[in-house]
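Everything on this sheet refers to the single structure shown next.
Taken together, the values in this text are just the output of simple stated rules run on the coordinates, not laboratory data. Since the model is a prediction, treat every value here as computed from it, not as a measurement. Every residue, glycine as well, gets a Cβ built from its backbone with ideal geometry; the counts of neighbours run over all protein chains shown.
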Amino acid sequence: MVKVLYNGDIQEEVLQGKKIAVIGYGSQGHAHALNLKESGFDVVVGLRGGKSWDKAVEDGVDVRSVAEATAAADVVMILLPDEMQPKVYEESIKPNLEAGNSLVFAHGFNIHFSQIVPPADVDVFLVAPKGPGHLVRRTYSEGAGVPALYAVYQDHSGQAREVALAYAKGIGAARAGVLETTFQEETETDLFGEQAVLCGGTTALIKAGFETLVEAGYQPEVAYFECLHELKLIVDLLYEGGLENMRYSISDTAQWGDFVSGPRVVNEDTKARMKDILKDIQTGAFAKGWILENQANRPQFNAINRSENNHQIEVVGRELRALMPFIKKPVNAKKEVVVH
Ligand code: NDP
Ligand code: MG
Ligand code: MG
């Protein structure tokens, strides 16, 4: 089995006395900046004026422009949206990098697909938490952590691995476990996971189940509870103890249905399509499409987003959630839905 490292395996001295610039203060940025600061590291946040800037000031962190934060720092973690990174890197980060600095990412996309080509005299590595930024922050505050992957792309100093591990410890990831990967593996598995299983696969499965019930004449409210709301309870059981633990908690009728019907929904055909999706990721075809979509100002992304937000399951869901005040509001205002 691959070696998983924990707090006791990692020396953080290599990062002490160094200045860490966290560029961006969104989902990941606020979590890294606050966790590192509370772990005793010297943190500056790099931003443009706006919503994130105001929030960072409110949280009491040292905020400067991206150029100034980069110039002041030894370690520069880029936590901007992936599609914005190449432009901001060229304009404000690259001119302020010094030999011996560390350039850090939380996802390998821009390095792996050559959208950012770093100079030879810096360390380049990634520390990628395997969870949303708001959980990286919340679990840290509770004394726990979200596991992370790390990978070294370029080791100019000879210490890139140690610095990466110290960084992972600083954000609390080594409380949960840190394991080594490569930029290629992190990028390809991350994209595949979010497309085929975690996000794309799950939303498509939920919608197909909901539509099947509603089209058969069942009440949309009942279909919503069955296909979306209850999923969280099932996922909590999976998270705590795998498939066996989830199956232990459900009725034997549900478990028998799981065994006989699950493979009818996700079958060899589905798996063949997953392989196609993986191939598009590996060949760069997916990356190219996403890069071009952004260059064209996201015509398809915006059109699909609008129609998805108006899907019947979303309309019904909004009404039902409003009646369940114990359900938390979305954590990220950016991701709150505007319905047109
Ligand atoms: P967000 O979209 O949540 O945050 C982006 C931040 O960048 C905001 O603070 C935004 O500030 C700032 N920003 C955007 N454009 C600029 C600009 N031109 N100049 C300065 N600041 C700018 O990003 P995420 O946290 O989701 O993603 C960051 C990285 O982390 C990505 O590489 C992603 O793949 C990776 N990652 C993300 C995960 C997640 O949980 N979301 C999980 C694991 C990895 P403003 O308010 O001004 O727009
Ligand atoms: Mg991702
Ligand atoms: Mg049931």
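Considering the convex hull of the alpha carbon atoms of segment 7-181, report its projected area averaged over all viewing directions, in nm², one decimal. Dividing the Cα hull surface by four gives the mean projection, 8.7 nm². Could you tell me which residue out of W53, H229, G40 lies farthest along the dipole of the chain toward its positive end? Charges go on the beta carbon: Lys and Arg +1, Asp and Glu -1, centred on the Cα centre. Of the candidates, W53 comes out farthest on the positive side.
Note on the chain: antiparallel DSSP beta bridges, both residues inside, total approximately 25 percent of the bridges counted. Centroid-to-centroid, using Cα positions, segment 3-50 and segment 156-183 are 11 Å apart.
Considering only I277, L205, A254, the residue lying farthest towards the positive end of the dipole of segment 193-335 is I277, judged by Cα position with unit charges set on Cβ. Positive end of the dipole of the chain (Cβ unit charges, origin at the Cα centre): among Q28, V104, L179, the Cα lying farthest that way belongs to Q28. Each Lys or Arg adds one and each Asp or Glu takes one away; over the other residues whose Cβ falls under 14 Å from the Cβ of I10, this sums to -1. Taking every DSSP bridge with both residues inside segment 7-181, close to 20 percent are antiparallel. Here segment 159-209 yields Rg over Rh of 1.18, to two decimals, using C-alpha coordinates and the Kirkwood radius.
As a rough guide to protection, the peptides 19-29, 2-12 ranked by mean Cβ packing within 10 Å, highest first, stand as 19-29, 2-12. So how far, in whole Å, is the C-alpha centre of segment 225-271 from the one of segment 85-148? Spelled out, the Cα-based centre of one part sits 35 Å from the other. Magnitude of the charge dipole for the chain, about its Cα centre and with charges confined to Cβ atoms of Lys, Arg (+1) and Asp, Glu (-1), is about 520 debye. Charge tally for H311 (other residues, Cβ to Cβ under 13 Å; Lys, Arg +1; Asp, Glu -1): 0. Counted by Cβ distance under 9 Å from V178, the other residues give a net charge of -1, where Lys and Arg count +1 and Asp and Glu count -1.
A simple packing score, the average count of other Cβ atoms within 10 Å per residue, orders the peptides 268-280, 309-321 as 309-321, 268-280, with the highest score first. Computed per residue of the chain from DSSP H runs no shorter than four, each worth -39500 (n - 2.57), the mean residue ellipticity at 222 nm is -14500 deg cm²/dmol. Every pair of different Cα atoms in the chain enters the Kirkwood calculation, which places the hydrodynamic radius at 22.1 Å. Basic side chains Lys and Arg get +1 at the Cβ, acidic Asp and Glu get -1 at the Cβ, and with that the dipole of segment 6-102 about its Cα centre reaches some 260 debye. Highest mobility in the GNM of the chain, judged by mean-square fluctuation with C-alpha springs under 10 Å and restricted to A164, A120, A106, is found for A120.
Legend: residue pairs K87/K169; K87/K271; K55/K232; K51/K87, Cα-Cα distance threshold 25 Å; pairs beyond threshold, K87/K169; K87/K271; K55/K232. Across segment 248-256, coupling constants 3J(HN,Hα) worked out from phi with the 6.51/-1.76/1.60 Karplus curve, θ = phi - 60°, read 5, 7, 7, 5, 5, 4, 5, 5, 5 Hz, and Gly and Pro carry x. In this rough spin-label picture, where each label sits 7 Å from Cα along the Cβ direction, the E293-L205 distance is 2.2 nm. Given charges of +1 on the Cβ of Lys and Arg and -1 on the Cβ of Asp and Glu, with all other atoms neutral, how large is the dipole of segment 193-335 about its Cα centre, in debye to the nearest 20? With only Lys, Arg, Asp and Glu charged at Cβ, the dipole is about 680 debye.
Between E221 and I277, full extension at 0.36 nm per residue minus the direct alpha carbon distance yields a gain of 16.9 nm. Phi angles across segment 147-163 convert, under the Karplus curve 6.51 cos²θ - 1.76 cosθ + 1.60 with θ = phi - 60°, into 3J(HN,Hα) values of x, 9, 9, 10, 8, 10, 9, 8, 10, 7, 7, x, 10, 4, 5, 5, 5 Hz, Gly and Pro given as x.
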